[in-house]
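Okay, so here's the structure we're looking at.
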Amino acid sequence: GRGRTPDQVQNALGSGIIVTSDGYILTNNHVVDGADEVKVAFGEPRREFKATVVGRDSKADVAVIKIDATGLPAAKLGDSDQLEIGDVVLAIGNPFGVGQSVSRGIVSALGRGGQGIETYEDFIQTDAAINPGNSGGALVDMNGRLIGVNSMILSGAGQSSGVGFAIPAPLVKRVIETAVGGADHLTHVWLGVKGDTVSDDIARSLGMDRPEGVLVSDVYAGGPADRAGLRTGDVILALNGQALNDAASLNYQINLLSPGDSVAIKAVRGGKPLNLTIRAEAPSANPPKDERLP
């Protein structure tokens, strides 16, 4: 809540996911952002705890809060990379404050981006009903494993229209590990490279059989990519074995990395295969702001 008098107090409702038995809980950053006090309520048995925000990543809209409790049932993380369109999923949360509810749907799309917000743009799209109050709740597969965190919906009426978005588990895992490790913010890495999605026209001009990968448009002088030998005009096809379909997928894969990670790059230069290894680094203070990431 916020404010100095009862009339000025504002309350916000969201959902969360217990990720460790000793009280670490995952939610959306927008659920707790700016709050003077955060409380966690359990339904069965009914209990309420004061919580502290211990980690967050505003860009991914993920936060980790901590309550003083032990012996809690913790969610098991699944592998959202193995999801396929059409897989059945369940969305769990507290829509409209009515209490914990479960809705069923399918995976409508993967790697969904372009929602006009600052994000990694690699959402899981689902038609499982997600309504106000579901933010921060779990998206689980049919084995009960956490594959995403419900984050937002597209709706003109402010309620479910069958187009909901969840943050995928690999990114969520990074934020959890960071918070449990004692850091309050996720450290993003920098490779010092900018890229554009390879269009049909670009693919034809480069003699490629089909449009795929990311065309390197700029390499920051002295940065990790430059030192590894990546050059403007190269086409990055895969990062650590993950095929890249567009620039958003490159950004997402980079933001799963930690400083010091070794990154295997599969690329093409002048029609010939190119394999490079780049060492991921935390952004330095020297590059201009718009060239720090990815």
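Worth a mention:
- Fully extending the segment from residue 163 to residue 33, taken as 0.36 nm per residue of separation minus the present Cα-Cα distance, adds 44.4 nm.
- Over every Cα atom in the chain, the radius of gyration and the widest Cα-Cα span, Dmax, amount to 20.7, 68 Å.
- Cross-link partners of residue 76 among lysines, defined as those whose alpha carbon lies under 27 angstrom from its own and excluding same-chain residues fewer than eight positions apart: 39, 50, 59, 66, 173.
- The residues of the range 41-120 expose, per residue, 59 Å² of accessible area to a 1.4 Å probe.
- Between residue 133 and 96, the built amide H atoms are under 5 Å apart, and every one of these is 5 or more places off in sequence or on another chain.
- Among 136, 181, 43, residue whose mean-square fluctuation peaks in a GNM of the chain (springs only between Cα atoms under 10 Å): 43
- Among 143, 71, 82 the positive-end extreme of the charge dipole of the chain (Cβ point charges): 71
- Normalised by the number of residues in the range 207-289, the average gap of Cα pairs under 8 Å and 6 or more apart makes the relative contact order 29 percent.
- Mean Cβ neighbour count within 10 Å, used as a protection proxy, ranking 256-266, 193-203, 69-79 highest first: 193-203, 256-266, 69-79
- With Cα atoms, 0 to 90° folded angle of helix 169-180 axis to the chain main axis: 70
- Global form of the range 42-146, assessed from the alpha-carbon gyration tensor, a/c cut-off 1.5: prolate
- Where only alpha carbons of the range 120-244 are counted, the Rg and the Dmax (Å): 19.0, 51
- Relative contact order of the chain, defined on C-alpha pairs under 8 angstrom at six or more residues apart (%): 14
- Relative contact order %, the range 150-255, counting alpha carbon pairs below 8 Å whose residues are six or more apart: 20
- Among 217, 179, 207 the positive-end extreme of the charge dipole of the range 159-245 (Cβ point charges): 179
- Estimated inter-spin distance, residue 245 and residue 272, nm [label 7 Å along Cα→Cβ]: 3.2
The values are calculated or read from the model by the stated rules, or taken from the named source; none is laboratory data. Predicted, not measured: the structure shown is a model, and the values here were computed from it. Cβ: placed from backbone, ideal geometry, glycine included. Neighbour counts: every protein chain shown. Areas reflect the complete protein model, heavy atoms only, side chains present, ligands, DNA and RNA absent. Shrake-Rupley method; radii C 1.70, N 1.55, O 1.52, S 1.80 Å.
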